[in-house]
1. Within the stretch 417-431, how many residues are among the hydroxyl-bearing types (Ser, Thr, Tyr) and surrounded by fewer than 20 Cβ atoms within 10 Å (Cβ to Cβ)?
2. I need a count of the residues in the stretch 146-158 that are surrounded by 24 or more Cβ atoms within 10 Å (Cβ to Cβ) and among the aliphatic types (A, V, I, L, M).
3. Which members of the stretch 318-355 meet the condition of being under 25 Å from Ala442 (Cβ atoms), basic (Lys, Arg) and either in contact with a helix residue (DSSP H, G or I) (Cβ under 8 Å, 6 or more places away or on another chain) or not assigned by TED's automatic domain parsing to the domain that holds Ala220 (or both)?
4. Take the conditions surrounded by 14 or more Cβ atoms within 10 Å (Cβ to Cβ) and touching a residue at least 60 places away in the same chain (Cβ under 8 Å) and apply them to Leu142. Does it pass?
5. Of all residues in the stretch 228-243, which are of a type outside the set (Ser, Thr, Tyr) and either exposed (fewer than 12 other Cβ atoms within 10 Å of the Cβ) or at pLDDT below 95 (or both)?
6. Of all residues in the stretch 128-139, which are closer than 16 Å to Ala59 by Cα and buried (at least 19 other Cβ atoms within 10 Å of the Cβ)?
7. If a residue must be more than 19 Å from His341 (Cβ to Cβ) and under 25 Å from the mean Cα position of the chain (by Cα), how many such residues does the stretch 216-226 contain?
8. Specify which of the listed residues (Ala393, Ala408) is outside the structural domain of Ala49 (by TED's automatic domain parsing) and in contact with a Gly (Cβ under 8 Å, 6 or more places away or on another chain).
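The values are calculated or read from the model by the stated rules, or taken from the named source; none is laboratory data. On a predicted model such as this, the values are computed, not experimentally measured, just so you know. Here the Cβ positions follow ideal geometry from the backbone for every residue, glycine too, while neighbour counts run over all protein chains shown.
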Amino acid sequence: MTADLAARLAALTPEQRARLRARLPRARAVRHQLTPGQLRLWETRQWVADRPVDVVCQAVHLTGAPVDLDLLAARVHGFVAAHEALRTTFESDGDGAAVRPVVHAQLPPRLIRARCSGAEEAHALARELAAEPFDLGNGPLLRVALAQGPMADQAWLLVVVPNLVFDAWSFELLLDELARPADTDPPAAPAFSAFAHEQRGWLESPAGRAAATYWASEVADAPPPLPTDRPRPAGTGRAGARVPFAVSRTVAEGILEAAQREAATAYTGWLAVAWAALAEHGGRDDLLLGTFTAGRDRPGGTDVVGYLLNVLPVRLRDAGDGSHAARTRAARAATRAGLAHAAYPGELIAEARRVPGTHPLLDAVFVFDNLGEATREIQGAQVATADLDKGTARYDLTLAVYPGPDGADGWLEYDTELYEESTARRIVERFTALAEQAARGAVETRPGEGGPA
């Protein structure tokens with residue numbers, strides 16, 4: 001009977017197989033619970049309707065060697081089959097108040113084949129896929145476009161997926177799988193539901209309760225949100241725009257050097273610059289700024305696909321003499337204290353009703369992303385990734401810094417219902433000017449170059 005069934009399955013047409021796969025998942029679906037992070041994303045979706053606010057939209061440019069797009073497609077299908085987060089849909093009651101994730105045995109991705117004349121056309125296709133509403137109840141939630149470029153050695157991989165089932169680290173895991181040599185086996189694929197279950201248990205542990213106490217004290221008597229150009233509306237569609245920037249390698253190296261003198265990391269050095277720029281804008285040094293942690297410090301967490309990203313507040317309030325060095329020391333102390341409690345979901349922090357809208361606690365967020373700093377090849381082709389502007393804003397203000405071999409670039413994303421473009425540009429200009437000033441200070445005080453030893 002088994003051989004007969006295999007023969008019958010092999011004889012099915014691709015269309016018949018697709019219809020069969022569509023019927024199988026519901027029969028074998030398993031219901032779980034949302035994590036606090038997923039619940040916030042679900043609530044955000046109710047707030048902004050179908051605007052692609054919390055949607056990953058990445059363009060991967062492959063150059064320098066021809067790429068077998070059929071092989072890429074097969075790898076994408078295998079990746080989805082291995083990771084339950086990408087086979088998940090969401091089941092809600094009539095008014096959307098209660099929601100449950102449903103893991104399906106099979107849920108193939110939506111895979112599109114195209115041709116693109118260049119980056120502009122490829123990026124437009126990715127934004128079009130992101131703007132199309134997602135059917136969270138039926139899926140699929142992963143959309144991938146494989147596009148051949150104008151030359152044989154150019155292609156694009158466009159990845160669009162809601163954050164409900166995916167984050168930046170998950171994207172890196174996908175790229176790792178696409179780059180995996182053909183003679184190697186894929187790594188183990190831990191279940192996202194196992195992470196969610198373990199997280200719920202940890203919250204009831206002594207460490208979880210201690211973390212809740214710590215974060216409650218950090219946000220106590222929090223400063224007001226940063227000033228906006230227009231009054232905050234009762235509701236917001238989170239329409240947004242970005243102001244890009246770039247600084248030289250000399251500036252980036254200066255920020256790193258200044259941070260290392262304070263026994264801090266490049267992240268902390270850039271955080272100190274962001275603090276100075278936003279403190280100028282807000283007119284006060286006491287700042288509650290959101291920052292991202294990967295949420296993957298538990299054993300096996302580095303291989304989990306899903307939304308593990310944690311958005312936590314960092315309270316920056318003692319700038320000392322206002323110098324970059326003093327801000328770096330204060331930022332280092334604040335971030336190190338929070339690291340001991342970084343597993344606590346930011347959504348659960350007590351007294352977290354500070355900002356109406358898509359996030360109850362945070363109006364401004366700082367992002368330092370060096371995940372893609374290392375070079376990568378897929379089938380011999382060089383990989384270059386771009387996080388695309390979808391015309392939305394996750395927060396009132398998001399300041400992102402991406403380090404690279406030639407310096408650092410990034411953008412300030414702002415809610416266009418709250419801020420004028422001129423204000424966003426003024427913040428960016430001060431941010432880059434303060435970065436240059438901090439880098440010059442590092443050079444001027446370098447031992448052997450005229451400064452103090």
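1. Here is the first cut: in the stretch 417-431, the ones among the hydroxyl-bearing types (Ser, Thr, Tyr) are 419, 422-423.
Keeping just the survivors that are surrounded by fewer than 20 Cβ atoms within 10 Å (Cβ to Cβ) gives 422-423.
Qualifying residue count, the stretch 417-431: 2.
2. Let us first name the residues in the stretch 146-158 that are surrounded by 24 or more Cβ atoms within 10 Å (Cβ to Cβ), namely 155-158.
Now drop any that are not among the aliphatic types (A, V, I, L, M), which leaves 155, 157-158.
Going through the stretch 146-158 one residue at a time, the tally reaches 3.
3. Residues satisfying the conditions are Arg327, Arg332.
4. Values: surrounded by 14 or more Cβ atoms within 10 Å (Cβ to Cβ): yes; touching a residue at least 60 places away in the same chain (Cβ under 8 Å): yes.
Against the criterion (surrounded by 14 or more Cβ atoms within 10 Å (Cβ to Cβ) and touching a residue at least 60 places away in the same chain (Cβ under 8 Å)), Leu142 qualifies.
5. Of the stretch 228-243, the ones of a type outside the set (Ser, Thr, Tyr) are 229-235, 237-243.
If the condition is that a residue be of a type outside the set (Ser, Thr, Tyr) and either exposed (fewer than 12 other Cβ atoms within 10 Å of the Cβ) or at pLDDT below 95 (or both), then Arg230, Pro231, Arg232, Pro233, Ala234, Gly235, Gly237, Arg238, Ala239 are the ones that fit.
6. Taking the stretch 128-139 first, the residues closer than 16 Å to Ala59 by Cα are 128-131.
Passing the criteria: Leu129, Ala130.
7. Residues in the stretch 216-226 being more than 19 Å from His341 (Cβ to Cβ) and under 25 Å from the mean Cα position of the chain (by Cα): 2 in total.
8. Working: Ala408 fails: in contact with a Gly (Cβ under 8 Å, 6 or more places away or on another chain).
After applying the criteria, what remains is Ala393.
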